[in-house]
Structures are given as structure tokens and as C-alpha cells.
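Asker: Structure provided below as C-alpha cells; questions to follow.
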Amino acid sequence: GLFPALQSVRRDIGAGTNVAGRTTAGRRQTRMRSGLVVAQGGLSIVLLLGAGLLMRTFVKLVGVDLGFDPKQVLVTGLAFPPRQNMTADEQRQIYRQIVERAAGVPGVRSVAVSNGFPPFGAMTSVLEIPGIALPPTSEANVRFCSEHLLETLGIPIVNGRGFSTIEVEQVHRVAVINETFARRYFGSEDPLGRVVRVSRLATLPRPIVDPTFQVVGIMRDVVNQGPRERPVPELLLPFSLRLPGGFGLVVRTTEDPMRAVIPLRREIQVVDPQVALGNPITLERLIQMNFYARAGFSLLVLGIFAGTGAVLVALGIYGVLAYTVSQQTREIAIRLALGGESGHVIRMIVRFGLQLVAAGLVIGLVISLATNRLLTTQLWNTSPNDPVTFAVVVLLIAIIGVLACWIPARRAVRVQPMIALRHE
């Protein structure tokens, strides 16, 4: 709004009283309005391309196969009161009773105990494998869980088996590894039956003496570092090894998981009135907050600005052409009165409008080659100069431009020549 206001203040009153002055001022104002439309078009291209790139990234992130099914899964911590004399066996019994009662809640399909779930909650440890020379930096994620975690999360076993209830109850030294672990550290060898030493477990505040485990199964790779990263080696161990300790529940339901919170809390109170649920949340929501929220927010903000810019382009082109047509009403009327074709008039007006669109496109594309690189840290598997995004945005602006040109052009040829000339 600043440019038209300045133009009005600086207008030469003397020049505006004669025809030549009005013609010169009119042309100057037309050039100014056209320049504003071109600038709007260029800015709109920059915003639309940025929003398009973020949209491509967001769609790719959402489309990543997590390797497990987070739908209808509730995750919650279990808060135990401080008890100096509670033994590992006593806590194991409490967890077992909680799982049994939770499994009986209507709508609950499966329950597991875990200190985390892909891609959250795992610790990292250096590994040793007898018979295989590993680099000193060989590491893996370590997760402690009960026997039903894989079933609850929908993670299949591709070779071997998972934990049994007896192995968890009797604290057997068994482990389930993922496919990446098997490929990276065993290569073409069969890892089933082999022994792995998890060195960090011997240095914990409550150390596990001789932390060696026999591999009994291989699970499918899941996203354990976030959807942008490749899976890293991971192994599961029986949670009974880390008792007493803080673990949570992973609950798969047949309906909205949050509906199970109150019944679960009631059943836990029956087992031990001093144990409480801590921060229950759906796994879908937790993943969305940690991995998709930032990209989604950036897309929303830039999308709003881009949409606003596109609307301004349409209004700007329409306004310039509508004003231009109103100033050329007499000329158009004479053309039509002398037998000129309406199609020629439409093409003339549309051509002028598309010239503005084309100028804005060129300017916007040139600027975008530099500004899109500012989004590099937020893009994933998407080039800052993605040709598909460029093509879609150019097509969109072209369609907006054509429609904005077509309306005043059609109105121009509907004018009755005799009426227009009489009014002039």
C-alpha cells in the first residue's frame, strides 16, 4: 500500500489537468502497478517453492516404513514409590501381576514391559563377540523388555524365536538381535546360538556380572534412530536382568488407546495402590511429536504465506488488468465497432497479463535457486532444486495467471460499443 500512497502524494496537480499530463501519469501508474504485480509474483514463487519442497519432505517422512505398527498402541511409565527393601524378585512379581491384569482389560490385545520402544529408550553399548575381531567402536542399541514386546508392536521374527516366559522369569541370558546387527557383525554366518558380550552392562550402578548372552532370534529391522536415519544394530534382553528398575507398559488395543487409561489405572491399583501410571500417551502421538511436528509446523507456516502470496498474485493481476481495461474502454469499443474480433481483444489483454506473470516467474525462480538452500537442513531425500516441485509451482502460477487474466478480458469484450462511446 505504500507505493500507491506515495504516488498519490507526489502527483503533479498541474499536469493532471491536461490530457498529456493525464496520459503520462496514467502510464507511470500502470508501470508502477505492473511492477508491483511482478514483485508479488516473484515473492509468491519463492514461497510456493519453499512450501512445495517442505511438502515433498513431509510426505516422504510420513511414508517411511517404521518396521512396526504404532497405531492403537498406548505407552506409559510405571511410577513405584521408594522402597529400600524391595527385591528384584518382588518387583518382577508386581510387573507380572500388572501385565496379567492389564491383559484382561476389555479392548486390550497385548501387553508388554519395556524400558523403551523403537525408536526411544535404548542405551548404547560396545560389543564383544567371541571368535570375531570387532573394531573398538562396534556398538549396538540395548533394550530390556518382556516376552511380548515384539508381538505388541507388530515386529516379526525373521529367524529363530523370541523370548519365552520362562526365560524372562528365570533371568536367562538370551538375546534377540535385529537384521542390521546380524549383517554387520556376523556377515554371512548364522548368528543363532552365538554369544555376544554387552560390555556396558558390567559398568552400570547395578552391574551385571559376565554380561554375555546367547542369540536366540533375529527380528525385522525397525526405525530405531528416527525416520530420517538408517536402522542401527540393536538387541533385546529380558527386562528381569535390570530389576529393580523403572519400566513402563506398552499396550496394544482394539480401539482408541486412551480409553484404556482409566481401566488400566484401576487394575494397577488393585495390584499395588502405591504404583501409578506416568504420562500415558499413544505411540502415534509420541512419534508425531518427536519426528514430524517440526517439519509439519514449518510446512504449515510457509504454506500459509505461500497461499497468501498466490492470492495476492491473482488479485494483483486481476486489479491491474481490470484497471487497464477500464482505461481502454473507448479503444476496445472502437475496435469492436469497426469489426474487430473479440478473440483478438481477449488475446491482447491475456498476453499483457501473462507477460507480468512470466516476469514474476523468472525473477522468483532465480531468487529461489539461492533461498531454497536455506531449507537444506529441513529437507530429507529432496533436492533444493527438485524439478517436480519447480514444475508444479510454475504450472500453478500459470493457471492462476490465466484465470486472473481471463475474467477482465471476457468482461472487456462484453461491452456494447455504442454505449461505451456514448459514455465517453
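Asker: Once fully extended, how much extra length lies between S164 and L204, figured as 0.36 nm per residue of separation less the alpha-carbon to alpha-carbon distance?
Answerer: Going from the current span to full extension adds 11.8 nm.
Asker: In degrees between 0 and 90, to the nearest 10, how far off the longest principal axis of the chain does helix 342-371 point, with axes built from Cα atoms?
Answerer: Once rounded, one gets 40 degrees.
Asker: Counting only protein heavy atoms and a 1.4 Å probe, tell me what percentage of the chain's accessible area is made up of carbon and sulfur.
Answerer: Reported share for carbon and sulfur atoms: 59 percent.
Asker: Quickly rank 287-293, 269-275 as a protection proxy: mean count of other C-beta atoms within 10 Å, highest first.
Answerer: Output ranking for 287-293, 269-275: 287-293, 269-275.
Asker: I'd like to check one number: the per residue accessible area of segment 244-376, probe 1.4 Å, reported in Å² as a whole number.
Answerer: 53 Å²
Asker: While we're here: Return one number: the angle in degrees, 0 to 90 and rounded to the nearest 10, between the long axis of the Cα atoms of helix 88-103 and the longest principal axis of the Cα atoms of the chain.
Answerer: Once rounded, one gets 50 degrees.
Asker: Report, in deg cm²/dmol and to the nearest 500, the calculated mean residue ellipticity at 222 nm for the chain, where each DSSP H run with n ≥ 4 adds -39500 (n - 2.57) and the sum is divided by the residue count.
Answerer: -16500 deg cm²/dmol
Asker: If each residue of separation counts as 0.36 nm, what is the full-extension length gain between V301 and V362 once their alpha-carbon separation is subtracted?
Answerer: Extra length available between V301 and V362 comes to 19.5 nm.
Asker: Please give the residues of segment 91-131, grouped as numeric ranges, whose backbone N is less than 12 Å from a label point set 7 Å along the Cα-to-Cβ vector of D272.
Answerer: Label zone hits: 91-99.
Asker: Right, another one. Round to the nearest 0.05 the FRET efficiency obtained for V392 and A293 when R0 = 30 Å and r is the Cβ-Cβ distance.
Answerer: Working from the Cβ atoms, E equals 0.75.
The values are calculated or read from the model by the stated rules, or taken from the named source; none is laboratory data. Quick caveat, the model's predicted, so the values are computed rather than measured. With ideal geometry, Cβ positions are generated from the backbone for all residues, glycine too; neighbour counts draw on all protein chains shown. Heavy atoms of the whole protein, side chains included, go into the accessibility calculation; ligands, DNA and RNA do not. Shrake-Rupley method; radii C 1.70, N 1.55, O 1.52, S 1.80 Å.
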